[in-house]
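**Student:** Handing you a structure now.
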Amino acid sequence: MAGYRRGVMRGAKRIISLIVATLATVHVIAQDIPMLSRAALESLVHPELSGIGSRVLRAERESINLGTISNEGICRATFKLRNTSDEKIDITALRSTCSCLKVKDSIESIASNEQASVSVEFNPAGRCDRFSVDLLVYSSLDEKLPSLRLNLCGEIESSDEWSHLPISMGVLRLSRKSVCFDRNTLTERIAVANTSDEYVVLSAQPTIEGITLRTEPERLAPHSEGDIVISYTPSSYAVQDIESIVIIDGCGKSHPTDRMIKITIKR
C-alpha cells in the first residue's frame, strides 16, 4: 500500500511540473506576440484596394442600398462584375466583413471582357438602425490586397414597436430594472409600456422604509406608455449603502424574480 501511495505522489508531482512548464511556455509566447495598433486592426478589417486589380476588375455598382428593411427575414442582392482586361481573372476569395453577410452564389473566374454575378444574403436579425457591410473580392491580380470592395447598406426598421423599452416584465416593457438614490436624487422614473389589451394598475410592497411607488398615469391604458415613479423619503441618512428590491404586482402572470426592481441607496 505504501508503495502504491509513493507511486501516486510521484505521478502527481510529474503532472504539476508539466502544468507549471506549460504555463511558463504560454507566458513567454504571449510576451513575444506584439499588440496590434488601431491602424493595423483597421487595415485588417478595411484593407486598401489593389491598384492593379481595381483598374481592370469593375463592378456595375460597388454599393447597393437596400433602403428601409424589416429586421425579420433574409435580404438578397446581386453584384455584377466585369473583367475589362485581355486575360482571364481568377476569383481567389470572397470575404465578408460581417457574419451577417454571406455569399450565396460564388464565382471562380471571369473570362476576358466578360461579366459574372455574385449573389449575397444579408441577415438583419438582432440589428437595428443604419447598417453598412462590405464584401471584399480577392483575385489573381494581387496576392495580398482585394481587387474590389462591394458594399451593402440600408436601414433596419424593427418590427417591435416597443424596441426602445428592452426589458420585459409580464405584459410590461421597461427601460430598466434598477434605480439608485443618494442625497441629491430622491425620485427616479422608469419608462414603461402596457403591451396588453387591458388596463393595468401596478402596486408594490417595498422592503425599505421610505420607498414609495406609483405610476403616471395611475391606470396604464392598453398599448400605451407611462412612467413608474419610485421615490425615497429618508428618515435619516444611511450609514452605509443599502440594496434591496421591490416586486411589482399587477403586470400579469410571471415569476416574482422577473418582477423585481433593484433599489440602491447610497450613503
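**Student:** Conditions first: (1) of a type in the set (D, E, K, R); (2) under 12 Å from Met169 (Cβ atoms); (3) surrounded by 15 or more Cβ atoms within 10 Å (Cβ to Cβ). Asp249 passes all but one, so which condition is the exception?
**Tutor:** Result: Asp249 passes all but (3).
**Student:** Give the range 192-237 a look and list any residue that's over 13 Å from Leu174 (Cα atoms) and acidic (Asp, Glu), or say none.
**Tutor:** Hits for the range 192-237 are Asp197, Glu198, Glu209, Glu216, Glu218.
Rundown of residues vs (1) over 18 Å from the mean Cα position of the chain (by Cα); (2) of a type outside the set (Gly, Ala, Ser), yes/no style:
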site	(1), (2)
Ile110	yes, yes
Val120	yes, yes
Arg127	no, yes
Ser178	yes, no
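**Student:** Another question, then. For the range 101-153, enumerate the residues that are hydroxyl-bearing (Ser, Thr, Tyr) and either farther than 19 Å from Leu81 by Cβ or surrounded by fewer than 17 Cβ atoms within 10 Å (Cβ to Cβ) (or both).
**Tutor:** Those that are hydroxyl-bearing (Ser, Thr, Tyr) and either farther than 19 Å from Leu81 by Cβ or surrounded by fewer than 17 Cβ atoms within 10 Å (Cβ to Cβ) (or both): Ser106, Ser109, Ser112, Ser117, Ser119, Ser132, Ser140.
**Student:** Run down Gly126, Gly170, Gly154 and say which single residue is out of contact with any strand residue (DSSP E or B) (no Cβ under 6 Å at 6 or more places or on another chain) and at pLDDT 90 or above.
**Tutor:** Answer to the selection: Gly170.
Matching residues to (1) at pLDDT below 95; (2) loosely packed, with under 12 Cβ neighbours inside 10 Å:
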{"site": "Arg58", "(1), (2)": "yes, no"}
{"site": "Ser63", "(1), (2)": "no, no"}
{"site": "Ser70", "(1), (2)": "yes, yes"}
{"site": "Thr78", "(1), (2)": "no, no"}
{"site": "Asp86", "(1), (2)": "yes, yes"}
{"site": "Ala93", "(1), (2)": "yes, yes"}
{"site": "Ser96", "(1), (2)": "yes, no"}
{"site": "Ser99", "(1), (2)": "yes, yes"}
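The values are calculated or read from the model by the stated rules, or taken from the named source; none is laboratory data. What you are looking at is a predicted structure, and each value in this text was computed from that prediction instead of being measured. Neighbour counts run over all protein chains shown; Cβ positions are idealised from the backbone, glycine included.
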